[in-house]
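**Q** Below is the structure I would like to discuss, written out as C-alpha cells.
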Amino acid sequence: MSTKATLADCTNESLFQLNEPISSCLRVDVLDFLKSRKYPWELLGSSISEFVAKQVEKIPENQRLKGKISPQAFLENAEKIVVEDGAVIEAGAFVCGPAYIESGAVVRHGAYVRGQVYVCKGAVVGHTSELKGCLLLNDAKAAHFAYVGDSILGIDCNLGAGTKCANLRLDHGQVPVRLEETTVATGLKKFGAVFGNRAQTGCNAVTNPGTLLRPGALVLPNQTGMGVINARKGLRPR
C-alpha cells in the first residue's frame, strides 16, 4: 500500500470496508448510518447525536434496560438509555443518556459513558475509559484508561492501555484532516480520531485531533499519530 494517503482513502466505504464481508456483522441501522455520509467526520457532532436518539426512541421505554446492569452502576437520564439483553454494565460504571449499548457489549467498572454514544455488539468500554459523542463498531475495544471523544472505532480495532484520542485543538479552532498534499476542512471544533477496521494503538499512544487510521494501521506505544495513517506510525524502541 502506498504511504501517501488521498481523500479517497478517507471515505466511510474505504475505512469501514462497507462493501466487503467484514461489514456483514453490523446491524442494518448502523450500516445504513455509515453509508448515509461519504466521510466519517460527517457522522460526528449532531449526526451521531441524532442517530443515537433515534435508535433509543425505537425501543419502548419499558423495554430499554434489559441487560445485566449492576445495582452499583450509575445511570443518568436512564429513560434515554438502551441496554439490550445480553449487554453488561458493571458496578461503578457511569452511563449518561442518550446512549445505546447493544447485546454482547460490556461497560466495565469505572467506565464513563458521557452521552451521544452507540456501542455495538462485542465492544468493550473498560476501566476508567471515557467516551463521548462516538460510535464503537462490533468488537472494538477501549479496554483500559482510554479517552475517546467525538470519534469512531471500526470493527475489531483495539486501543492499547492509556490511549488518548484528543478532540480539541489548543487554539479551539476547527479541526481539519491533513493529507499529504492538502488539508480538508471538516467544520468541526470537536473531532477526535477515526479508526478503520482492525486498526490499533499501543499503550499510551495519543492521536491528534482529526487523525484517521486506515484499516489495519498501527500507532506504536508512546507515539503520537496525526493526519491519515496508512500503515505503522512510530519507531520501535531499541
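**Q** Could you check the range 8-26 and list, in sequence order, the residues that are loosely packed, with under 14 Cβ neighbours inside 10 Å and touching a residue at least 60 places away in the same chain (Cβ under 8 Å)?
**A** none
**Q** Separate question: Counting just the residues of the range 131-174 that are of a type in the set (Ser, Thr, Tyr) and part of a loop (DSSP other than H, G, I, E, B), which one comes out surrounded by the most Cβ atoms within 10 Å (Cβ to Cβ)?
**A** Filtering first and then ranking leaves Ser151.
**Q** Would the range 204-214 turn up any residue that is part of a loop (DSSP other than H, G, I, E, B) and in contact with a Phe, Trp or Tyr (Cβ under 8 Å, 6 or more places away or on another chain)?
**A** yes
**Q** Of everything in the range 123-138, what is on the phi > 0 side of the Ramachandran plot and free of Cβ contacts under 8 Å to residues at least 60 places away in the same chain? Give them in sequence order.
**A** Passing the criteria: only Thr128.
Residue-by-condition table, conditions (1) among the small types (Gly, Ala, Ser); (2) closer than 24 Å to Leu31 by Cβ; (3) buried (at least 19 other Cβ atoms within 10 Å of the Cβ); (4) at pLDDT below 95:
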{"site": "Gln55", "(1), (2), (3), (4)": "no, yes, yes, no"}
{"site": "Leu65", "(1), (2), (3), (4)": "no, no, yes, no"}
{"site": "Pro71", "(1), (2), (3), (4)": "no, no, no, no"}
{"site": "Asn77", "(1), (2), (3), (4)": "no, no, no, no"}
{"site": "Lys80", "(1), (2), (3), (4)": "no, yes, yes, no"}
{"site": "Ile89", "(1), (2), (3), (4)": "no, no, yes, no"}
{"site": "Ala93", "(1), (2), (3), (4)": "yes, no, yes, no"}
{"site": "Ile101", "(1), (2), (3), (4)": "no, yes, yes, no"}
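**Q** Assuming Ser47 fulfils every condition listed in (1) assigned to a helix (DSSP H, G or I); (2) touching a residue at least 60 places away in the same chain (Cβ under 8 Å); (3) closer than 24 Å to Arg214 by Cβ; (4) among the small types (Gly, Ala, Ser) apart from one, which condition is it?
**A** Among (1) assigned to a helix (DSSP H, G or I); (2) touching a residue at least 60 places away in the same chain (Cβ under 8 Å); (3) closer than 24 Å to Arg214 by Cβ; (4) among the small types (Gly, Ala, Ser), the lone unmet condition for Ser47 is (2).
**Q** Scan the range 165-178 residue by residue and report those that are within 21 Å of Phe16 (Cα to Cα) and in contact with a strand residue (DSSP E or B) (Cβ under 6 Å, 6 or more places away or on another chain).
**A** Correct list: Cys165, Asn167, Pro176, Val177.
**Q** Let me ask something else about it. Looking at this structure, is Val177 in a strand (DSSP E or B) and more than 22 Å from Val52 (Cβ to Cβ)?
**A** yes
**Q** If you don't mind, there's one more thing I want to ask. Determine whether Pro209 is within 25 Å of Phe145 (Cβ to Cβ) and not basic (Lys, Arg).
**A** In short, yes.
**Q** Which residues, taken from the range 105-128, are more than 18 Å from Val52 (Cβ to Cβ) and part of a loop (DSSP other than H, G, I, E, B)?
**A** If the condition is that a residue be more than 18 Å from Val52 (Cβ to Cβ) and part of a loop (DSSP other than H, G, I, E, B), then Arg108, His109, Gly110, Gly122, Thr128 are the ones that fit.
**Q** Kindly list the number of the only condition in (1) closer than 27 Å to Pro209 by Cβ; (2) in contact with a helix residue (DSSP H, G or I) (Cβ under 7 Å, 6 or more places away or on another chain) that fails for Asp29.
**A** Every condition holds for Asp29 apart from (1).
**Q** Continuing with the same structure: Among the residues of the range 53-64, is there at least one that is of a type outside the set (Asp, Glu), under 19 Å from Thr183 (Cβ atoms) and part of a loop (DSSP other than H, G, I, E, B)?
**A** no
**Q** Give Thr186, Thr207 a once-over and let me know the one that is over 29 Å from Gly122 (Cα atoms), modelled with pLDDT of 95 or more and among the hydroxyl-bearing types (Ser, Thr, Tyr).
**A** Thr186
The values are calculated or read from the model by the stated rules, or taken from the named source; none is laboratory data. Just so you know, these numbers come straight off a predicted model, no measurement behind them. Neighbour counts are summed over all protein chains in view; Cβ atoms, including those assigned to glycine, are modelled from backbone coordinates with ideal geometry.
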